[in-house]
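Report on the structure given below.
The values are calculated or read from the model by the stated rules, or taken from the named source; none is laboratory data. Being a predicted model, the structure only gives us computed values, none of them experimental. Cβ placement follows ideal geometry from the backbone for every residue including glycine, while neighbour counts extend to all protein chains displayed.
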């Protein structure tokens, strides 16, 4: 049985480095790409705690995700690796951890944005949260 490796993707350089590590470490894998669209990035109105989505915001995010998927998938083809695409809406760390638990994932390889100090405390770290909460091994690539 092939292992299923989860690769969270965004438009960062760390995503491509994590992908290269996954391709090199796991030669016989089922690679699952996941991109999480975070509704918090759309903004909120000052009068209510409901999102104030700009027109076509979700469609733009979905299109950006497809571009990211296409880029990583073309890299995977060079290694003869087929990929599965998963697009979800939610808080990234929580959504990734939930997907690990429900999708028969054996290992996670993900990039870290390398934040340190105050910015890491204020902004949090998706990679750190996934690392702490994952029920499977996680490789974080910097």
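Is at least one residue of the range 81-98 at pLDDT below 90, more than 20 Å from residue 30 (Cβ to Cβ) and touching a strand residue (DSSP E or B) at 6+ places or on another chain (Cβ under 6 Å)?
No; the residues of the range 81-98 include none that is at pLDDT below 90, more than 20 Å from residue 30 (Cβ to Cβ) and touching a strand residue (DSSP E or B) at 6+ places or on another chain (Cβ under 6 Å).
Every residue, every condition in (1) modelled with pLDDT under 90; (2) out of contact with any helix residue (DSSP H, G or I) (no Cβ under 8 Å at 6 or more places or on another chain); (3) farther than 19 Å from residue 25 by Cα, yes or no:
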{"position": "63", "(1), (2), (3)": "no, yes, yes"}
{"position": "70", "(1), (2), (3)": "no, yes, yes"}
{"position": "113", "(1), (2), (3)": "yes, no, yes"}
{"position": "118", "(1), (2), (3)": "yes, yes, yes"}
{"position": "136", "(1), (2), (3)": "no, no, no"}
